[in-house]
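The values are calculated or read from the model by the stated rules, or taken from the named source; none is laboratory data. The structure displayed is predicted, hence computed values, not measured ones. Virtual Cβ from ideal backbone geometry, glycine too; neighbours counted across all protein chains shown. The area values use the complete protein model at the heavy-atom level, side chains included, leaving out ligands, DNA and RNA. Shrake-Rupley method; radii C 1.70, N 1.55, O 1.52, S 1.80 Å.
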Amino acid sequence: MEDIGRESDHLMLITPERVFYAGLLGRPRKRTPGCCHVYVAVKGNLHLTIDDALATGELFVTLPNQRHSIASDYRTAISVTLEPESMPDGVIEALAQRLTGPDRAVYARKILAAYALLRQRRYGDITTAEFDEMCFGEALPRRVLDPRVMRAVARIGRFTGEPVTADTCAADAGLSASRFLHLFKEETGISFRSFRAWKRARHLLHFANQDLNLAHLAQDIGYPDSTHFSHSIRRFYGLKPRAIFVGSRDLAIYRSTETVRLAEAS
């Protein structure tokens, strides 16, 4: 596991299919991330708002593309991210029911224990199955994607070279653009455009604790201009890019070997 941060109680472990974040949540503005979030309070309670309904508790789960805001009594909170294309349909919903059911407190303690382990750096590298075992006590089912879609997913995740388009992925798959787009959504449950937009915003996490020119970063990860960059990040995270970077100055970021390999692939 590569450490690209510094000593801190605030940390983030990034793998291709999961993220473990313990840090600041920022101001409770509406966000619509393309992933499942499992939020856990480090101290006190969390306050989740969905459709103007407020709930308070120690653990909450939000589904992919569910608009919500989250606030915490304590300056640090935990967010575990699960990418929906990595699991068969229905797995996230079933997990959400388990985590927010009668054993909610048990799962909250499990995730807090995972945070303690990561702070002690007992993991040199971690697979998706190991990540799930650490956080949930079991490896979640894996979705098996068509190889042509898997290549497109990997291509989108590299963020190197020319921007990835449906046409280039379709040509690589030996399909027409319309047939490829249909196959992609059928396999992942997500439209190609929505998937690419979310992964682009997710890629920002790798750089969150660095002192960078945000306009250059936006261009490097595929945004046409700073306006699109700002609007996209605010939609997914509920924060302006600058606020994310300011709040992440003391964040230690770790990337799994697989994440590093994808990032460095040409």
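Of note:
- Test result for Ala152, modelled with pLDDT of 95 or more and part of a helix (DSSP H, G or I): yes
- Gly137, sole failed condition from (1) under 24 Å from Ile70 (Cα atoms); (2) touching a residue at least 12 places away in the same chain (Cβ under 8 Å): (1)
- Subset of the range 155-177 that is free of Cβ contacts under 8 Å to residues at least 24 places away in the same chain and assigned to a helix (DSSP H, G or I) - its residue that is surrounded by the fewest Cβ atoms within 10 Å (Cβ to Cβ): Asp167
- For Tyr107: the one exception among (1) more than 16 Å from Glu187 (Cβ to Cβ); (2) within 17 Å of the chain's Cα centre (by Cα); (3) in a helix (DSSP H, G or I): (2)
- No other residue among Leu181, Leu204 is aliphatic (A, V, I, L, M) and modelled with pLDDT under 95 apart from Leu204.
- Among residues of the range 209-234 that are basic (Lys, Arg), those with a beta-carbon under 7 Å from a residue that is open to solvent by 50 Å² or more (accessible area, probe 1.4 Å) at least six positions away or on a different chain give the pairs Arg234/Lys240.
- For the range 123-133, the candidate set comprises residues that are outside any loop (DSSP other than H, G, I, E, B) and in contact (Cβ under 8 Å) with a residue 24 or more places away in the chain; within that set, the residue that is surrounded by the fewest Cβ atoms within 10 Å (Cβ to Cβ) is Thr128.
- Which numbered condition Ala197 fails, given (1) in contact with a strand residue (DSSP E or B) (Cβ under 9 Å, 6 or more places away or on another chain); (2) touching a residue at least 60 places away in the same chain (Cβ under 8 Å): (1)
- Within the range 90-122, the set of residues being modelled with pLDDT under 95 and open to solvent by 60 Å² or more (accessible area, probe 1.4 Å) comprises Arg119, Gln120, Arg121, Arg122.
- Residue tally, condition among the polar types (S, T, N, Q) and under 21 Å from Leu25 (Cβ atoms), over the range 199-244: 4
- Only residues that are open to solvent by less than 20 Å² (accessible area, probe 1.4 Å) and either within 20 Å of Pro141 (Cα to Cα) or modelled with pLDDT under 95 (or both) were counted across the range 38-83, and they come to 7.
- Exactly one residue out of Ala218, Ala252 is modelled with pLDDT under 95 and in contact with a strand residue (DSSP E or B) (Cβ under 9 Å, 6 or more places away or on another chain): that is Ala252.
- Count of the range 38-82 residues which are among the aromatic types (Phe, Trp, Tyr) and not in a strand (DSSP E or B): 1
- Restricting the first member to the range 91-111 and to residues that are without any contact (Cβ under 8 Å) to a residue 40 or more places away in the chain, and the second to residues that are open to solvent by less than 20 Å² (accessible area, probe 1.4 Å) and part of a helix (DSSP H, G or I), the beta-carbon pairs closer than 8 Å and six or more apart or on different chains are Lys110/Cys135; Lys110/Phe136.
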